[in-house]
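The values are calculated or read from the model by the stated rules, or taken from the named source; none is laboratory data. Please read these numbers as outputs of a predicted model, since none were measured by experiment. Quick reminder, even Gly has a Cβ in these numbers, built from the backbone with ideal geometry, and neighbours come from all protein chains shown. Remember, those area values only see protein heavy atoms, side chains included, never the ligands or the DNA or RNA. Shrake-Rupley method; radii C 1.70, N 1.55, O 1.52, S 1.80 Å.
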Amino acid sequence: MKYKIIFDVEYSGDDELLNKTFETLESSKRTMPAHFCDNSFEIEWDKLDRKDEYNMASMAWNVNFDKDRFDPKVLQSLSAENFSYVVVLSENIMLGSYILSKLNADKKLYNDLLMTIISGFKDSVESKLGNLIISAGKEYFNYCTEYGISLASNKQY
């Protein structure tokens, strides 16, 4: 099934929880990073805590301060539009992981989620740019997964 979460994501699996997660992500009405939408993902899902939503949106927007996990030279070289793509990619990974965690999903699904979102992102931008961003931010995107999970389980991160 094809989902539109700012950029297209195609999930061909049959896992009910992943499909529910992508449907929830797709319900977002935002057309830009949540930072510019009052730190809201604008999704239709009642299990999303407003404080967690704010924290995830802020964390994604502040990617440029995470010099240990994302190559700052790559971030500085991006246009404003491409930087926004990185932020939205980070948001979708965090929020998707948060949703899966709230749905008590099996741990193996987090990697499927991450790979599906990254694949959709890479298909939506010029390939050289997509590969550069994914390579430079691999550690950060894994961190986004863990951050979403930790917020959903009410653990301090």
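Some notes on this structure:
- Contact order relative to length of the chain, as percent, for alpha carbon pairs under 8 angstrom and 6 or more apart: 28
- Net charge in the neighbourhood of Y85 (other residues with Cβ under 13 Å of its Cβ; Lys, Arg +1, Asp, Glu -1) is -4.
- Each stretch of four or more DSSP H residues adds -39500 (n - 2.57); spread over every residue of the chain, this sum gives -20000 deg cm²/dmol at 222 nm.
- Top of G13, G120, G130 by mean-square fluctuation, Gaussian network on the chain, Cα under 10 Å: G13
- Placing S79, S58 in order of accessible area, with the largest value first and a 1.4 Å probe, yields S79, S58.
- Between I99, I118, I43, the Gaussian network model of the chain with springs among Cα atoms under 10 angstrom shows the greatest mean-square fluctuation at I43.
- Rg to Rh, two decimals, where region 37-157 supplies the alpha carbon set and Rh follows Kirkwood: 0.95
- Among the trypsin sites (Lys or Arg not before Pro) within region 79-151, those in coil by DSSP and having at most 15 neighbouring Cβ atoms inside 10 Å are K107.
- Cut-off 12 Å between beta-carbons: net charge of the residues surrounding M32, Lys and Arg +1, Asp and Glu -1: -2
- Per DSSP, loop GluC sites (Glu not before Pro) in region 68-157 with at most 16 further Cβ within 10 Å: E126
- Binned Cα-Cα distance frequencies in region 1-100 - 5 Å width, integer %: 2, 13, 24, 23, 17, 13, 6, 1
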